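Undergrad: Dropping a structure here in structure tokens format, bear with me for questions.
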Amino acid sequence: MLGAQKWKEGGVVARTRGITIRDVARKAGVSITAVSHALNGKGTLSEATREHIRTVADQMGYEADALARGLRRSTMGAVGLVLRSLDALGDYAPAGVDVFERFVGAAASQALARNLSLMLVPDLTRKPVPPLAFSLDGYIVTNPHVDDPVIALLEDRSIPYVAYGRPPGRPEFTHWVSEDDTASARQILGHLWAGGARDTVLVRGTDPNAWNLEHQEVYVSWCSERGVTPRLYELAEGAGVDGGVDLAGRIADDGVPDAVFCLTGRHAAGVQRGLMARGVRVPEDTMVVAGSDSEHARNSRPAISALELNPVESSAALLDVLQDLIAGRTPTSPRLTKARFRARASTRR
């Protein structure tokens with residue numbers, strides 16, 4: 001009875017796509033009770049045995065999570081949201097970074113308006129996976145990485161998903177939505193150029209996602225078009241403001257630029273602080289701009305010009321595409337939304 005077999009042990013009912021708990025036990029060379037205890041954190045099994053059983057269960061695609069045991073083949077009216085940038089950061093509430101909170105809030109409101117529930121889920125490849133995670137109707141994956149293991153897992157389990165940001169290295173994948181990063185980056189570079197910047201530094205993060213990779217590509221092309229030598233620096237997203245302060249010293253030692261374009265607000269705030277500590281005036285000597293608005297950008301002195309992303313329109317488009325996929329319809333995608341550049345004192349000469 002494909003996908004309909006059930007087994008109950010210690011109050012745990014399991015139903016998966018044809019893989020039963022007995023299959024896992026047979027493959028792992030253990031008892032059914034041992035499998036139940038290993039997957040539910042019970043009993044007195046050794047950690048090595050538990051890990052062995054969990055590995056076998058994962059390899060077989062066995063789901064022992066709460067309603068994943070019985071609802072995988074029916075719709076729940078709920079979708080998941082995975083924030084890959086915060087997964088990589090290892091911090092789901094980074095101080096002063098409100099862009100993710102604004103996106104989550106917008107996505108939740110948009111979901112409720114469609115009679116959907118939205119569930120925030122941490123990295124699906126890390127154990128323990130939250131109950132219900134593989135029972136959800138589909139997923140929004142933000143800023144996926146090159147060869148992202150979360151996307152690989154969703155595809156392996158045939159769970160519909162959409163990406164907020166183009167999945168790098170996947171030109172054939174079209175189910176994504178993003179602000180028009182190319183247009184936004186050119187708008188910022190044009191703003192700096194109009195302010196007299198002929199030597200603009202780009203500070204990108206190290207996460208291998210489209211946000212970093214595409215901004216770098218646009219920046220290098222922009223410099224080439226104008227016969228300008230690119231000055232590119234990489235700084236780990238987790239380095240935060242202090243990392244930006246340290247990087248400012250390197251940038252100044254290499255020659256104070258006309259402008260610094262940081263992709264994150266925390267880096268921008270740190271770079272500005274570090275440059276000013278060296279006596280560099282902002283914006284008179286160097287203009288500073290952030291590719292993503294944040295409390296750090298708004299509260300710096302001078303306030304830092306920044307790009308305000310469009311979480312309401314972007315999350316609505318993502319849910320449009322995802323609902324089409326869940327319903328078996330062909331969605332209209334990819335889709336581009338428009339961000340808003342907010343010029344502040346850091347670039348007003």
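Undergrad: When you go through Asp199, Asp242, Asp246, Asp254 one by one, which is the residue that is on the phi < 0 side of the Ramachandran plot and in contact with an Asp or Glu (Cβ under 6 Å, 6 or more places away or on another chain)?
TA: Values: Asp242 fails: in contact with an Asp or Glu (Cβ under 6 Å, 6 or more places away or on another chain); Asp246 fails: in contact with an Asp or Glu (Cβ under 6 Å, 6 or more places away or on another chain); Asp254 fails: in contact with an Asp or Glu (Cβ under 6 Å, 6 or more places away or on another chain).
Step by step, each of Asp199, Asp242, Asp246, Asp254 is checked, and only Asp199 is on the phi < 0 side of the Ramachandran plot and in contact with an Asp or Glu (Cβ under 6 Å, 6 or more places away or on another chain).
Undergrad: Can you spot a residue in the stretch 276-295 that is in a helix (DSSP H, G or I), out of contact with any helix residue (DSSP H, G or I) (no Cβ under 7 Å at 6 or more places or on another chain) and touching a residue at least 60 places away in the same chain (Cβ under 8 Å)?
TA: Within the stretch 276-295, the first condition is being in a helix (DSSP H, G or I), and the residues that meet it are 276-277, 295.
Within this subset, residues satisfying the condition of being out of contact with any helix residue (DSSP H, G or I) (no Cβ under 7 Å at 6 or more places or on another chain) are 276-277, 295.
Retained after the next criterion (residues that are touching a residue at least 60 places away in the same chain (Cβ under 8 Å)): 295.
Yes, the conditions are met somewhere in the stretch 276-295.
Residues checked against (1) more than 27 Å from Thr347 (Cα to Cα); (2) out of contact with any Ser or Thr (no Cβ under 9 Å at 6 or more places or on another chain):
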{"site": "Pro122", "(1), (2)": "yes, yes"}
{"site": "Val129", "(1), (2)": "yes, yes"}
{"site": "Asn143", "(1), (2)": "yes, no"}
{"site": "Trp176", "(1), (2)": "yes, no"}
{"site": "Ser184", "(1), (2)": "no, yes"}
{"site": "Ala194", "(1), (2)": "no, yes"}
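Undergrad: Still on this structure: Test Arg344 against the criterion of being farther than 20 Å from Leu154 by Cβ, surrounded by fewer than 18 Cβ atoms within 10 Å (Cβ to Cβ), of a type outside the set (A, V, I, L, M, F, W, C) and at pLDDT 95 or above, and give yes or no.
TA: Details: farther than 20 Å from Leu154 by Cβ: yes; surrounded by fewer than 18 Cβ atoms within 10 Å (Cβ to Cβ): no; of a type outside the set (A, V, I, L, M, F, W, C): yes; at pLDDT 95 or above: yes.
Answer is no for this residue.
Undergrad: Give me the residue from the stretch 247-261 that is small (Gly, Ala, Ser) and closer than 21 Å to Thr206 by Cβ and, out of that set, nearest to the chain's Cα centre (by Cα). Break it down stepwise before answering.
TA: If we filter the stretch 247-261 for residues that are small (Gly, Ala, Ser), which is where we start, we get 248-249, 252, 255, 259.
Filter once more, keeping what is closer than 21 Å to Thr206 by Cβ: 248-249.
Numbers: Ala248: 26, Gly249: 29 Å.
That would be Ala248.
Undergrad: Regarding Ser178, is this residue touching a residue at least 24 places away in the same chain (Cβ under 8 Å), small (Gly, Ala, Ser) and in a loop (DSSP other than H, G, I, E, B)?
TA: Considered against the rule, which asks whether it is touching a residue at least 24 places away in the same chain (Cβ under 8 Å), small (Gly, Ala, Ser) and in a loop (DSSP other than H, G, I, E, B), Ser178 comes out as no.
Undergrad: Also: Can you name every residue in the stretch 321-349 that is charged (D, E, K, R) and in contact (Cβ under 8 Å) with a residue 12 or more places away in the chain?
TA: Looking only at the stretch 321-349, we keep the residues that are charged (D, E, K, R), and these are 324, 329, 335, 338, 340, 342, 344, 348-349.
Those that are charged (D, E, K, R) and in contact (Cβ under 8 Å) with a residue 12 or more places away in the chain: Arg335, Lys338, Arg340, Arg342, Arg344, Arg348, Arg349.
Undergrad: Could you tell me whether the stretch 182-199 includes any residue that is part of a strand (DSSP E or B), of a type in the set (A, V, I, L, M) and more than 23 Å from Ser333 (Cβ to Cβ)?
TA: Residues of the stretch 182-199 that are part of a strand (DSSP E or B), as a first pass: none.
Taking every residue of the stretch 182-199 in turn, none turns out to be part of a strand (DSSP E or B), of a type in the set (A, V, I, L, M) and more than 23 Å from Ser333 (Cβ to Cβ).
Undergrad: Which of (1) in the same structural domain as Val201 (by TED's automatic domain parsing); (2) part of a loop (DSSP other than H, G, I, E, B) does Gln272 not meet, given it meets every other one?
TA: If we test Gln272 against (1) in the same structural domain as Val201 (by TED's automatic domain parsing); (2) part of a loop (DSSP other than H, G, I, E, B), just (2) comes out false.
Undergrad: Considering only residues that are in a helix (DSSP H, G or I) and hydroxyl-bearing (Ser, Thr, Tyr), look in the stretch 219-269 and name the one that is farthest from Ser300 (Cα to Cα). Show your work before the answer.
TA: At the first step, the residues of the stretch 219-269 found to be in a helix (DSSP H, G or I) are 219-225, 237-253, 265-269.
Now narrow it down to the ones that are hydroxyl-bearing (Ser, Thr, Tyr): 219, 221, 224.
Values: Tyr219: 25, Ser221: 30, Ser224: 32 Å.
Result: Ser224.
Undergrad: Here is a further query. Go through the stretch 296-320 and report how many residues are farther than 24 Å from Gln187 by Cα and either surrounded by fewer than 17 Cβ atoms within 10 Å (Cβ to Cβ) or free of Cβ contacts under 8 Å to residues at least 40 places away in the same chain (or both). So that I can check it myself, show each step before the final result.
TA: From the stretch 296-320, those farther than 24 Å from Gln187 by Cα are 316, 318-320; that's our starting set.
From what is left, the residues that are either surrounded by fewer than 17 Cβ atoms within 10 Å (Cβ to Cβ) or free of Cβ contacts under 8 Å to residues at least 40 places away in the same chain (or both) are 320.
Going through the stretch 296-320 one residue at a time, the tally reaches 1.
The values are calculated or read from the model by the stated rules, or taken from the named source; none is laboratory data. Just so you know, these numbers come straight off a predicted model, no measurement behind them. Quick reminder, even Gly has a Cβ in these numbers, built from the backbone with ideal geometry, and neighbours come from all protein chains shown.
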